[in-house]
Each structure stands twice: as C-alpha cells, then as structure tokens.
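Single-structure report; data block below.
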C-alpha cells in the first residue's frame, strides 16, 4: 500500500455530493413541532428605532413568537475583535436590513405572512454610504494602522520619476451557494445544540452562550459541512445561529433559520471595498525606490474582522516586490452598510492590487514591458529579501517562478504577436500581463495559530478523526484522512473525518487563513503519534519472542501496509485491526488528543514589525485578454499559472483550489459589482444582478503547473497552504486589461479601476481616445 | 405555399388525434411521475413549485435551492414529456416550475438518475475528476449533464460550456466539471429509458392527455389547462382577468420573491398547436408558446446572427421552458429578442373568441409594460420575415457577463446596401428607454448616404439624441449613451472585409 499523502484521492464527500445525499443545514429532517424562523430588518440605513409593532403578526395562525432586542436582555452585543455588533438592533439602526425582529412560525407560509405584517418605525438620520463620505466626516472604526521602513519622503523626493494616484477596488460578495443557515435543538439543563453552516463553531458556541445567557458548556455547535463559505461564514454565521438558538430557548421547540439568497446578500458583509492614495518613486530601470500607500477600507457599520483584514492588506501591500522605503497606513471607514468581513484573501488582494496597478503604471510611463519592471522589483534570494515589516522571505523561489513561467507561457513571442494584432485590429485590443503572489500563511492574530484533534481507534482498526477544521468544499477532511491513514499505514477508507463539533474539539480557531490543514492536520498527526507510541510499546511486548531471543524493543516496531511487525522478524505481521483489539484487551488507550501551536511566529502591531508568517505560498500567473474597443466587453483568452504549494498532500484537491480560487479572483477583478442606491440598499442582491463567473467565462486556454518544491519541511508533510493564494493570481487578468488599454493611447495615464467591467473599460477607452488624434479613434 | 417544420420540439405523441370534444372526461388532478412513481396532484398543491414539492413533500432534498429565480441551476431536474420518439427529457429549473404546468410528464431528480446503490457514469466521472467541492451545486450539474447526454448534445468542451451556462459553481472554476463531462465522452452508457421503461408511462399519459383538466382548490381558485386554442380563448373570454402561464420563467420568479400567484390561471402547456415553428413563404411563423429552444433551432441556419443572440439568451434550462410569446408579453425593454423582431417588422397575431387581428411589433408597445392587447385576446403567432441576402444584419447584446445575464444594452441594425450607398435602414435599441425603440431619425439620416465610417459615426451622434437611457444596476446612463454612439461604428467595422478579430 503506497502512502496516501501525495495521491489525488477524491473529496471524501464526493459520492454524497453527486447523489444528492450530502446533507446541508436545510436538508436535515424536520423534527415534530419545528419552527421556521426569519427576521424583519431595518427599513433605513441610519436612524433611531422608534417602535416595532408585531401585534398583527402574532395574530396570524401558526405564528408562535416575535422577539426583539428587549427579549434578549443584556447580552445583545458581541464581536470577535471589538464587542460592537448587536444581535438585534437596539436604539438605533445601522444599515438597511439590519435584523430588528425575529419571527417564529409553524409553516413557511405563516412566516412569510408574519414578516409582511410587522411594522418598524424609525426616525432617519443622515447615513454614511461611501468611503469618501466617511473620510470627509472623519468617521473611522478603530485606530490608524501603520507599517513602514526607510526614508520615504527623502527617497520619493530624490527619485528620478514619480507617479501618484488614487486606486479603488470594489467589494465582492462571497456568493457561497448555501446561504446562511442554522437549526437549533433545545435540550436538558438549558442546553442547546446548534447545527450551523459556519467556519467557526467555537465562535457560534461562544456567542450563542453569551446572547442567551448560558455557559459555554451548555451549547454545542456542530458543522457537518458548508455549501461554500469563502470567509463569509467566519464571523457572520453568528446572527442566524443566535436567531435559531433564541427561538429554541424561548419556545422549547427546534428552530430553523434559512436565509434566502436576496436577504443573505442584502444583510451580510462582503469583501471590503478599498480606496487607496498611492505615491511611488522609481528609477529609469523601473526599480521602485519608495512607496507610500494610504489605505481606506469600507468597514461597514461595526468592527467585525475589519482590523485584521486591514492588517493583512498592510502586510501584503508589497505583494512579492522589494520596496526599500515604504510606508503603508490603513484606516477603516465607518459606513451604514452591513459590516464587511472575511473573504478569501482577507485584505491581501486589496493590498496587492494597488502594487500591481503601480507597477503597470510604471511600465507604461517608462515604455517598458511590465514583466521587466516586475522582475526588476521581485524579492531576491540572497539580498533584497526582507519585507517592510522585517520578515525575511525565506526559501524564496519567486525569481525562478517568474522566469520559468515567462518561458512556458511564451510570454515574449505572444507580446510580439499582440503588438502586431493591436496595430491591425480596429475592433479589438489585446493585453498581456504576468503578475506574482507571495501570500503569508498564519493568522496574524497569534493566538489563533493553534489546532486540536481527537483521534479514536476502534478494535477493528478503523479510525474516527475529529478536528476543529470545518469542511466547506476545500477538501480539508480528505487531506486529514490521508495524513492519519499514513501515520498508521492503513488504507484511507479505514479513516473517517467526523463532523466538526465543539463537543469533540474545544476552543478552536476558525477554518480560515488557508491554515486549516496546517493546524488541524498537524494536531491530528500529533494525536496519531501518541497512540502509535502506545501501540509500539504494546506491539513490542506482543511480538517479543523469548525463544528466538527477540527482546521487546519499541524502536523496531514498524507500521506498514495495514500490518504491524518487528523489523527483526518481519515475517510475523499482525493486522493493524487485530493489534488494536489485542491492545484494548491489554488495557491500552486507543484514543488521543493532539494539540499543535505554530512555532516561531510573532508580530507587534504597535511597531508594525515581526515575523507574522510561518512561511509564504508563492506563484505567478500570465493572463491574456481581448477587449472590444467599442463596447468594452472583455474575454480572457488564456491563463498560465505556476504556483509553489510545496509537496501537495492531494494534488487533485489542490488543483481544484487553485483553479477555483483563480476564477473567483477573476470575478472580483472583472464582473462582480456591488451596486447600492443612495438609500444604502443593495441593488445587486441575487445572481440576476450580481454576476459571478459562469462556465463560459473561464479562459479558453488554461494551463496550471505546480512548482516542484520540497523545502517547506517545517510544515505538515512539507506541504503549503493553498486556499487563498490562487485568488490573487487573478490580478494578472486585471493587469492584462490595463496593459491592453495602453495600446489605445500609451501616452495618457489610464486610471482603470477594479473591477474592470465592460462599463469601466469603455469609460477609460473613451477618455483615452478623446486624448488622441481623431484618426486613431476606435 | 412553401412550408418547413422544425424538429426542435418533436410533435407530441397524441397530436394526430382529432380535436377533443367538450365531452372529454373531466380531470381534477395533474398526473405526474416522479422518478418512476405515479402521483396525482390536486387542489392547491398544484400551485406549489416543483422544487418545494420535491423537497418539502417528498423529502427529495438532493434538489438544492439557491436563488429561486432560475439563475443558478442548483435546482435543475429533468422533465420528460411524451413525443413520438418516447419521452424526451429536458433540463429545467424546478424552482420556477409549478406543478400545474407539468401534467403528463415524468420528472427525474438527482435521486433518480441511477439505480439505488449505483452511480451513473456522469456521477462517477464527477467523483473521479474532482468535479465537486462544496457539493451544493453538484446535483444541478449532474442533472444538466444527464439531460445533455439524453439529448445527445455531445460531450466536448464547447458543447459542455454551452450546455452548462445555466449552472453556477463558486468553488471549482468549472474546469474539473468540464473534465468530468469529457471523460464520460460521447459513448452513451446510461439511458433513462432503461431505468424507466417509457411504455407504461406513455400509455398512462395517452389515457389522460385529452381529459378536460381543471385544477381547482374547491373554493375560488382554479387553473384551467385547455388543450385546444378554441378552448383557451373561451377560458380567457370567460375570465379576461386570468393570468396566462406558459413557461412561468417570469411569474415563477415573482412568486418566489413574494408575489401572490393570481387565483385564476390559464395554463398553456397542453396547447401544442401554439408550440410549433414553421417556415412559410420565406417567413418564420412562430407559435406564441414555442420554446426558445425550438426558436433557436429554427434560426440556427436561417439567421445565424439571431441564433448567436439566442445562444446567450437565458440558459438552456430557461430556453427549454420560456416562450417567445412570454418574452413579448412580458414587454420588458431589455428583452433580448425584441430589437431583431422590430427591425424585421415582425407581425403579431392576436386572437380572441371574436376573431384575429395582426399588429406590427413596431406599433404594439405603447409605453413601459403597456401594449396593444385587449381583454380576452391571446398572442397566438409571431410571423417574422427573413433578412434578404443583401441585407447586413448586426445584433448586439451587451451585458456584464456574456452568458445568463440581463442586457445592459441591446441593438439591432439592418442595412441594405446598394452599390456603395445605404438603400434601407432599420435600427432598434433596447434598454435605453421605456420600450424598445426604432431610431427613426438615424434611419432617415442613413438612407441614401455612402456606407462609410464617417457616415456611421455621424449616425451614432444622431442615435444618441433618440435614446433616453437611465442609470441602474446594470449600468450608468453614460455607458448606455456611449454604447449607442459606438455600436453603429462597430457595425461598420465588422462589415469590412479586412476586419481583424480574435
């Protein structure tokens, strides 16, 4: 039996997925008396909550209860970083749709009727809806954050060339297909069991206990799987879970909350929109001498995860380029919108986008190919390899990745071809760009870098593993299954990774920061090793043979191919299951809990210096686009990806993460647009109006290669995290679009923003064209 | 008279039987098979959406709900309708199909695509190729691919992309799903006919399909499902306020988003005489209930330019049920088919118990969602002339996303060039005003002028004066003005022999 690590085993739930048997929250069977729970939210973006009238709703047959903040008591406010997130609006309303009343009914029809019958009266106050408005009115959440090194002013002033501008990147809806959902079951001794579609069961347990006035020991949160999450269920699964739990507590009946897509999109947070003022000084070779970025993120109405998101923006503003002098500052703007939250990349994309825009602008200004500019700035291996926050970019493969990808993608030949095409075509213009990524792996909040795992072996040698990792499609379960199977040298089919439950794994970190396999896999391996040590001792005694003079020696015990043997007498092999049964009869404990804490990381927020990351995942992408000169419609013709993810535990799963992340990133940089009206209502709140990539949007030619690399030895199985980094490789698509526009008019600076929608591209082309001779129009 | 029928929707099995009499037996339930099991749907239950019925009544929870508006495909199931060739299965979005539309059909869900305990080749391929990640969209993809396989659509990259435009996935980036389809290949292994022998179902349907079907809740709500046009018109005359339902791709969405389904409904799904597309004397005569799939097939060779637009109209699941008549009566200024029909001077046949009349589409619309249809009248036929060989035709649908998106801007340009001059011009714009409009001043300007870039540029400036766009979720007014300005130049450049395109 070959080791399973490194093999492309299918997702452990794939057979359930394809047969429709995989249960998501709303697929759980209803128990007798179960209630359907919904809410009614604020009609306005900002104001005083005057009254809530639900008398008529309560009169509707089948309506069981209506609850407001008054029914919750003193525990209505919670929050991961700052406790400023109300469960239900209290006193004032902060954004359109903010939950005010929770309604419970016996049928979905009664619930719908009740929701329509509830009247909420507010006194409107002026709302803040944009970053610009928040800056003008000086409304920020939390203090300004800063990372800096060197002498920025002096080097900007001394630089041969300087450019500056303002860059905006739009927000992005996670668009997990399973909307926020939870079912709560009341139990004895005040206990509540909540099944939640959450990346963060420990957080659900904590907030449900807090809001309901229970001890955490009275609350169990279980997450079998999520129908996608992408960060959107790291903190924001809380409110629906509390709604369900509150109703279960108040009524003694089980209670189910299933947001519909429109409500979900209207009331939950998204990727933060950013506005960045940038300034760069550089020399004739395109080498950056100094940068200054002032980031402003749209935080929404409460703090949520915004400070951590901003922190990651600052820590990724350099992307994969060495800036000898740099100053990055970040402010979180208060706006009357749902609090923005985690989304794959977690601030990284917004920081990196600014730098890719700056490098593209430098190339255009100097008339250089942007690849040369990027290669002039990419982090070095021996020198020019320290980040602005002081971490050494250890084991850096970026220069090699850039060179190799440029070759395999035929970058230079295609550049020539594109230039010829652009001279000839009056209808279309093509662009090409190669961009890199360097994504730091670890939570920047140090304490979260821990994981625990419970490994239980039964007497037939089969294994159940439970960890704090939640399965949202990323394949963490199958990877942990492979790691565990290999520890005991048994077939992976003998291992099952169980639903995530706070009953089995305590005080866990959210499944986030790409680090779940790293943390939970490592913890599982530690638990396995503990059991293995016991089994080794037992097996040594068991296999000792006084007649042949084989003295018990645990060091000689081997686990191989589903069997255990002493390597001095390797023909005597005990099946693993047999050994487990025998061990139990000898009173050997076959269960263990493993605990892992990432070593050697630290970051000082006050000084902006430290080693926040265990390692970096690196890669690069080349994208080629074609744009209709007259309509702005864009297509991605080709993408080539090269990424270093170490020794992949499961290449099939990782490939899916890379391609999926890249296409999701493409959505962010091209077509995904959040449109609000002037009352703060989201207009793009369903797939009719919010366009994630469809199957026809994927590049016609799409190549992906893994960069061979076995040097990440300090991480589990020498692997590297893969969840978030590929999303940022899609910045190549945006950069290619900006590059294409340079062929419309290479002299005028184009101020393309992100996303590069057809409308945005047409706007920039129209401006650029008006600055050229009429003969060149079109 | 030259006549040619199109076979996108094969004639139904019972079509040759003469008109049923009023004395046909009365039936008060819809007869629906689900995964081979016979169901009789009565009373208010007939008003449920198929997906609600599957999930809530039958606990067939493999069918997933995401958007409730036919825009994601997670709820895709196959609807098998009887044809001369047996049951023909088409993929539909079950969230926007009502049970009352589905009389005499066989529904196959994800639970029913393989024998219990076995996997179909598509299911196996999805596992082997990592086609699922979170798994929420997966049943929908499996169902759509099963439908493609049933209809021999071909499992190659382009057909898979085309066939799966109506299914959204947020995890995989689709590549693995395409690989799964490719790995199944074109060798048909599983046929639903093997799993569900059609003969007994067809026999049961044949026994019931001529019944007079009225689905009443026993009180004041009723759904009439006429089988002949005369009866449909009589139903309408009796109850001019009743809502006509055919594909339900619009009303289905509105009901899911909170609208009350009207009490009185007339369902046209059994009305086969309005479902055909025929070429008669160089004109396409399209029954108002012809599905977009049927219309698309008819235009494939006849007007490839229109076919190209229809290709990105909705998604296969929508085109399989949505009808041209529905699109016209929905009267949206962003309806994708309208600019073409305007420049082709399509004629609409409106019928009632008192007779028929014909209205040119250019005179039909009077204002936003206002049109010339009298109480008791039913849109029955659309007659669309074909472009002449010498006509230059350009159709444009600009949307944020290429596929499965609602237009930000639409245009149709038809010019007849004689020598170097423009002899005739017809130009229509959509999404730039309350109705699709003909750019009459621009047309007048063009006629008699040289067909040059300068002419078209000038025409663009005139066109800008004729449109009145607003800014909305799909784009700003400026964007739409700029598109109006540019589209005529684009049309010119596209029609140059040396046009360079990827």
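Restricting to the stretch B:330-341, give me the number of residues that are part of a helix (DSSP H, G or I) and out of contact with any helix residue (DSSP H, G or I) (no Cβ under 6 Å at 6 or more places or on another chain). Qualifying residue count, the stretch B:330-341: 3. Only one entry of B:68, B:44 meets the criterion of being touching a residue at least 12 places away in the same chain (Cβ under 8 Å) and within 27 Å of residue A:175 (Cβ to Cβ), and that entry is B:68.
Taken residue by residue, the stretch A:658-676 has at least one member that is crowded, with 24+ Cβ neighbours inside 10 Å, in contact with a strand residue (DSSP E or B) (Cβ under 6 Å, 6 or more places away or on another chain) and in a loop (DSSP other than H, G, I, E, B). Residues that are under 30 Å from residue A:70 (Cβ atoms) number at least 1 in the following strands (runs of 3 or more DSSP E) confined to the stretch A:250-363: A:255-258, A:288-300, A:325-334.
Out of the residues in the stretch A:677-701 that are more than 7 Å from every other protein chain (Cβ to nearest Cβ), touching a helix residue (DSSP H, G or I) at 6+ places or on another chain (Cβ under 6 Å) and assigned to a loop (DSSP other than H, G, I, E, B), state the one that is nearest to residue A:271 (Cα to Cα).
Looking at the filtered set, the residue picked out is A:685.
All but one of (1) at pLDDT 95 or above; (2) away from chain A (no Cβ under 14 Å); (3) over 19 Å from residue B:330 (Cα atoms) hold for residue B:390, so report the exception by its number. Just one mismatch for residue B:390, condition (1).
Within the stretch B:302-329, the set of residues being farther than 17 Å from residue B:411 by Cβ and in a loop (DSSP other than H, G, I, E, B) comprises B:314, B:315, B:320, B:321, B:322.
Listed here are the residues, each with its yes/no results for (1) in a strand (DSSP E or B); (2) within 20 Å of residue A:633 (Cα to Cα).
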residue	(1), (2)
B:376	no, no
B:401	no, yes
B:405	no, yes
B:411	yes, yes
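How many residues are within 26 Å of the chain's Cα centre (by Cα) and under 17 Å from residue B:59 (Cα atoms) when one looks only at the stretch B:29-43? Number of matching residues: 5. Restricting the stretch B:393-422 to residues that are away from every other protein chain (no Cβ under 14 Å) and under 23 Å from the mean Cα position of the chain (by Cα), the residue that is surrounded by the fewest Cβ atoms within 10 Å (Cβ to Cβ) is B:393.
For the stretch A:502-521, a residue qualifies if it is touching a helix residue (DSSP H, G or I) at 6+ places or on another chain (Cβ under 7 Å) and surrounded by fewer than 24 Cβ atoms within 10 Å (Cβ to Cβ), and exactly one does: A:507. Residues in the stretch A:102-139 that are buried (at least 16 other Cβ atoms within 10 Å of the Cβ) and assigned to a strand (DSSP E or B): 6 in all. Listed conditions (1) within 11 Å of chain A (Cβ to nearest Cβ); (2) in contact with a strand residue (DSSP E or B) (Cβ under 7 Å, 6 or more places away or on another chain); (3) surrounded by fewer than 24 Cβ atoms within 10 Å (Cβ to Cβ) are all met by residue B:81, apart from (1).
Condition check for residue A:560 on (1) closer than 30 Å to residue A:618 by Cα; (2) over 26 Å from the mean Cα position of the chain (by Cα): one failure, at (1).
Only a single criterion out of (1) touching a strand residue (DSSP E or B) at 6+ places or on another chain (Cβ under 6 Å); (2) part of a helix (DSSP H, G or I); (3) surrounded by 24 or more Cβ atoms within 10 Å (Cβ to Cβ) is not satisfied by residue A:209, namely (3). When the criteria are applied in full, residue A:635 meets the requirement of being part of a strand (DSSP E or B) and within 14 Å of another protein chain (Cβ to nearest Cβ). Looking across the stretch A:404-437, the residues that are more than 14 Å from chain B (Cβ to nearest Cβ), within 23 Å of residue A:358 (Cα to Cα) and surrounded by 14 or more Cβ atoms within 10 Å (Cβ to Cβ) come down to A:405, A:406, A:411, A:415, A:433, A:434, A:435, A:436, A:437.
The set of residues in the stretch A:11-33 that are surrounded by fewer than 21 Cβ atoms within 10 Å (Cβ to Cβ), within 8 Å of chain B (Cβ to nearest Cβ) and part of a loop (DSSP other than H, G, I, E, B) comprises A:21, A:23, A:29.
Applying the criterion of at least 3 residues that are free of Cβ contacts under 8 Å to residues at least 60 places away in the same chain and within 8 Å of chain A (Cβ to nearest Cβ) to the helices (runs of 4 or more DSSP H) found wholly in the stretch B:436-502 leaves B:477-494. Selection of the stretch A:564-620 for residues being in a loop (DSSP other than H, G, I, E, B), surrounded by 18 or more Cβ atoms within 10 Å (Cβ to Cβ) and either under 22 Å from the mean Cα position of the chain (by Cα) or without any contact (Cβ under 8 Å) to a residue 40 or more places away in the chain (or both) yields A:598, A:601, A:612, A:613, A:614. On inspection, residue A:64 passes the criterion of being part of a strand (DSSP E or B), more than 19 Å from residue A:90 (Cβ to Cβ) and touching a residue at least 40 places away in the same chain (Cβ under 8 Å). Determine, yes or no, whether residue B:489 is surrounded by fewer than 17 Cβ atoms within 10 Å (Cβ to Cβ) and more than 30 Å from residue A:682 (Cβ to Cβ). Answer is no for this residue. Could you list, in sequence order, all residues of the stretch A:747-763 that are outside any loop (DSSP other than H, G, I, E, B) and either under 7 Å from residue A:632 (Cβ atoms) or away from chain B (no Cβ under 14 Å) (or both)? Once the filter is applied, which keeps residues that are outside any loop (DSSP other than H, G, I, E, B) and either under 7 Å from residue A:632 (Cβ atoms) or away from chain B (no Cβ under 14 Å) (or both), the stretch A:747-763 yields A:754, A:758, A:759, A:761, A:762. If you go through the stretch A:446-481 and keep only what is surrounded by fewer than 24 Cβ atoms within 10 Å (Cβ to Cβ) and either touching a strand residue (DSSP E or B) at 6+ places or on another chain (Cβ under 6 Å) or over 30 Å from residue B:138 (Cα atoms) (or both), you end up with A:446, A:447, A:448, A:449, A:450, A:454, A:456, A:458, A:459, A:460, A:461, A:464. Would you confirm whether or not the stretch B:91-112 contains a residue that is over 25 Å from the mean Cα position of the chain (by Cα) and within 14 Å of another protein chain (Cβ to nearest Cβ)? Yes, that holds for at least one residue. Consider residue A:537 carefully, then state whether it is assigned to a helix (DSSP H, G or I) and either within 30 Å of the chain's Cα centre (by Cα) or surrounded by fewer than 24 Cβ atoms within 10 Å (Cβ to Cβ) (or both). The answer is yes for residue A:537.
The values are calculated or read from the model by the stated rules, or taken from the named source; none is laboratory data. Computed from a predicted model, the values in this text were never measured in an experiment. So basically every Cβ, Gly included, is an ideal-geometry build from the backbone, and we count neighbours across all protein chains shown.
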